[in-house]
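Each reported figure results from applying straightforward, stated rules to the coordinates on display, with no laboratory input. Model, not experiment: these values are computed from the prediction. Note that we place each Cβ from the backbone using ideal geometry, even for glycine, and neighbour counts take in every protein chain shown.
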Amino acid sequence: MTAALRFDPIRLPEKCEQLRKEVRAFLAEEIAAGTFDPHKPNREDTDAPEFSRRVGAKGWLGMTWPKKYGGQERSFLERYVVTEEMRVANAPTRRFFVADRQSGPVLLKYAPENIKMDILPRICRGEICFAIGMSEPNSGSDLFAAKTRATKTNGGYLINGTKIWTSSAHIADYMIAIFRTSPPTKENRRHGLTQFLVKMKQPGIKVNPIGQITGQYEFNEVVFTDHFIPDDHVLGEIDGAWKQATSELAYERSGPERFLETYYVLTELVRAVGPNPDTRSAEGIGRLVAQLHTMRRMSVSVAGMLEAGKEPVVEASIVKDIGTVWEQQLPHRVRDLAAFVEETATNRETLERQLDFAIKTAPKLTIQGGTTEVLRGIIARGLGLR
Amino acid sequence: MAESDNIVVETAEKIFADLADPQTINNDKKGSWQAPLWQALSEAGLPLSWVSDDLGGSGASLADGFALLNAAGRFAVAVPLAETMLAGWLLAQGRIASPEGEMTVLPASPRDRISLDADGALSGRVRGVPFGKTAKHFAVLAHGKDGVSIALVDAAKARIEAGLNVGYDHSDTVTLDKVQPITIKPAPKGFDQTTLMLMGGVSRSLQIAGALESMLDISVRYSNERVAFEKKISKFQAVQHNLARLAGESAAALAAATSAADAIANARSFNDEVYLEAASAKIRCAEAAEKGGGIAHQVHGAIGFTMEHILHRYSLRALAWRDDFGSESYWAVELGKLVANRGADELWPLVASR
């Protein structure tokens with residue numbers, strides 16, 4: 001066989017179901033207390049620092065990390081359950097989800113001990129927010145075209161240049177970014193970039209908000225002017241960031257957030273059609289649920305493989321490709337079906353308001369965190385085509 | 001993908017490789033491969049995998065049997081292996097021993113009915129019965145005034161109108177007109193036609209997933225051989241992205257089908273969670289058969305449209321399998337009704353149940 005793709009059926013262990021009950025109870029309390037409205041994904045201020053601390057206090061941030069850094073040493077499958085329940089409830093996770101999913105694991109792997117001891121426990125407590133500094137004005141999918149320079153100086157580096165489309169930079173305490181420490185070589189155009197830990201809210205960093213077509217301001221331009229980063233904030237090998245980037249992608253690409261971003265419109269459609277749908281609505285809902293179920297089983301399967309210590313990079317890319325295309329189309333399919341919902345449906349207005357927002361959100365889903373084109377390139381490489 | 005980690009699948013794959021090689025079969029216009037293949041499968045006890053020893057079978061687990069069907073899909077096996085397995089399984093639900101030889105199940109569609117009258121005779125006309133014409137016996141699920149029964153029927157007593165599905169396999173209309181069964185027993189509590197359809201649907205899903213794995217395999221191989229515009233077509237980004245999508249469809253089908261098989265193999269009853277798994281598998285695999293098969297043909301160009309090429313053995317069969325035991329639109333309607341009936345706030349708990 002050319003392609004050894006695997007999606008073993010994983011059954012979530014009993015402890016996950018117990019945890020799921022705890023998460024649901026916690027979220028129900030938060031909703032009752034007015035922390036957030038699960039029917040309103042288009043809230044203007046998506047930052048909820050107090051909620052973040054309460055999630056941390058539950059032990060649900062950095063769950064899989066070693067206890068000495070504030071973690072719980074629990075499994076990826078348990079983390080999976082927490083993530084999906086938060087996502088489906090439309091909980092305000094913006095403040096902590098990048099740190100929990102991505103930045104923390106990078107620090108665990110590449111940061112010196114003193115940094116780990118300082119920062120990781122604060123992530124686990126839900127106190128700090130991370131951003132990711134990858135894209136630049138002339139470098140998006142082509143990551144290795146990044147030009148923002150890190151120039152060696154006494155005791156550290158001086159950073160000059162601009163990162164862009166940086167989600168949460170306006171609220172972030174830290175950023176993990178790649179900067180150019182050397183020019184690319186003839187043999188390897190990926191050479192010369194180094195990963196750094198950047199402390200935000202410092203001299204030499206200016207964050208400029210960028211308005212998105214949804215009406216929100218979640219991403220930013222981040223301008224560095226002679227910003228100083230100390231030597232111990234280098235993460236991993238100098239000039240070797242390209243070797244470090246790929247193994248994390250499986251975590252980033254296969255989670256429930258890769259197909260649940262617009263899920264709320266499906267729930268609301270089911271509510272609007274009521275218990276006795278006509279054939280058209282029933283078929284439409286049935287297909288969407290079958291597709292959703294399949295993606296979730298694929299995604300859980302990848303989580304199970306990660307738990308088993310494997311690196312299912314191609315499988316993860318497939319989950320993100322199929323998942324993001326699906327969540328992008330979902331609001332449009334729901335709109336098709338909603339056209340025949342009775343005028344008297346009690347949640348009609350809620351559904352319409354949600355569709356309006358989901359339709360505006362949809363275009364970004366196949367762009368953020370690796371475009372469909374990049375993902376299909378990775379899958380094609382896995383198939384032995386390039 | 002072809003991970004043979006159990007003895008049943010290993011045995012089957014060896015037989016398929018020796019006696020069901022798609023290219024050999026495709027070159028053989030007389031069908032002389034069929035008898036030796038069936039004989040080898042029977043000698044290995046594979047058609048009665050799901051029948052326990054005391055009822056005449058080989059007593060493999062549900063899980064092993066499902067894995068066997070996935071392997072059969074990878075070879076686009078065109079003998080009634082899945083049908084005989086399902087028939088044996090159905091008979092075993094009524095504690096009826098399986099006879100030797102080829103069997104199939106009636107009905108094979110959720111909308112058809114066989115009825116049992118007061119004299120113990122069976123009647124009904126059912127369409128789209130896979131391998132109805134070549135079966136020696138039928139395993140029948142019948143509805144009588146006292147509920148659901150399971151019966152073994154001599155195929156010679158039925159009227160058969162032969163037909164072919166789009167994959168050129170037998171798909172026949174079978175009429176029973178007051179036929180006395182060889183044996184008839186009441187079905188176990190809770191067992192009904194939906195249970196049979198879900199089981200048949202998951203079996204077909206695994207076969208479709210297997211066929212897609214092979215379509216991906218031969219499409220990738222072909223793209224690495226075929227040269228156009230002075231380079232291998234695998235080097236064109238448009239072709240690469242099409243094949244990446246085919247890999248996605250193949251992966252989705254495999255994940256949906258194996259997940260549903262795992263759910264059934266470990267379920268105590270056919271509850272809503274199993275229903276979601278099985279119905280979703282049939283829906284998603286059928287969609288993948290269309291999308292994935294379409295890409296496999298596009299990559300192959302004209303050669304894949306010829307009878308002499310093996311691609312159609314997989315692509316057309318995968319399309320044909322969509323129709324058996326409830327099409328994707330049938331299951332979508334039923335699943336949609338189930339979801340609507342449970343209510344909006346019960347959708348996520350259902351999806352997240354495993």
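Local charge sum around B:Gly343 (other residues, Cβ-Cβ under 13 Å, Lys/Arg +1, Asp/Glu -1)? Once positives and negatives cancel, what remains is -1. Each of B:Thr24 and B:Asp345 was given a label point 7 Å from its Cα along the Cα-to-Cβ line. The distance between the two points is 6.2 nm. Between the residues B:Ala155, B:Ser315, A:Tyr69, the greatest Cα displacement towards the positive end of the dipole of the protein assembly as shown, with unit charges on the Cβ of Lys, Arg, Asp and Glu, is found for A:Tyr69.
Relative to one another, the C-alpha centroids of the stretch B:241-260 and the stretch B:140-188 are positioned 34 Å apart.
About the centre of its Cα atoms, the stretch A:193-323 shows a dipole size close to 500 debye [charges on the beta carbon of Lys, Arg (+1) and Asp, Glu (-1) only; nearest 20 debye]. Taking the Cα centre of chain B as reference, the dipole from Cβ charges on Lys and Arg (+1) and Asp and Glu (-1) amounts to some 720 debye.
Model label points for B:Tyr168 and A:Lys15, set 7 angstrom from Cα along the Cα-to-Cβ axis, are 5.5 nm apart.
Computed extension gain for A:Lys58 through A:Asn276, at 0.36 nm per residue and net of the alpha carbon distance, reaches 74.5 nm.
Structure remark: mean-square fluctuation, Gaussian network model of chain B, C-alpha springs under 10 Å; the largest value among B:Asp177, B:Asp217, B:Asp146 belongs to B:Asp146.
Which Cα, out of B:Thr183, B:Thr306, B:Phe138, lies furthest along the positive dipole direction of chain B (beta carbon charges, K/R +1, D/E -1)? Positive-end residue among those listed: B:Thr306. What is the sum of charges, Lys and Arg at +1 and Asp and Glu at -1, for the other residues whose Cβ falls under 10 Å from the Cβ of A:Gln212? Overall, the nearby charge balance is +1. Dividing the summed -39500 (n - 2.57) terms of all DSSP H runs of n ≥ 4 by the residue count of chain B sets its mean residue ellipticity at 222 nm at -16500 deg cm²/dmol.
Amide H contacts for B:Val148 (H built 1.01 Å from N in the peptide plane; partners 5 or more residues away or on another chain; cut-off under 5 Å): B:Ala187. Spin-label pair B:Asp53-B:Glu100: with each label point 7 Å from Cα along the Cα-Cβ axis, the two points sit 2.0 nm from one another. Between the stretch A:79-93 and the stretch B:194-233, the alpha-carbon centres lie 35 Å apart.
Dipole magnitude for the protein assembly as shown: about 1380 debye, using +1 per Lys or Arg Cβ and -1 per Asp or Glu Cβ, origin at the Cα centre. Between the amide H of A:Gly156 and those of A:Asp231, distances stay under 5 Å, these residues lying 5 or more places away or on another chain, with hydrogens modeled in the peptide plane. Principal-axis analysis of the Cα atoms of chain A puts helix A:14-32 at an angle of about 80° to the longest axis.
Based on the Cβ-Cβ distance of A:Glu187 and B:Glu290, what FRET efficiency does E = 1/(1 + (r/R0)^6) give at R0 = 41 Å, to the nearest 0.05? With a Förster radius of 41 Å, E is 0.35.
Based on Cα contacts under 8 Å between residues 6+ apart, chain A shows a relative contact order of 16 percent. Here the stretch B:193-218 is scanned for amide nitrogen atoms under 17 Å from the site 7 Å beyond the Cα of B:Ala265 along Cα-to-Cβ, giving B:199-210.
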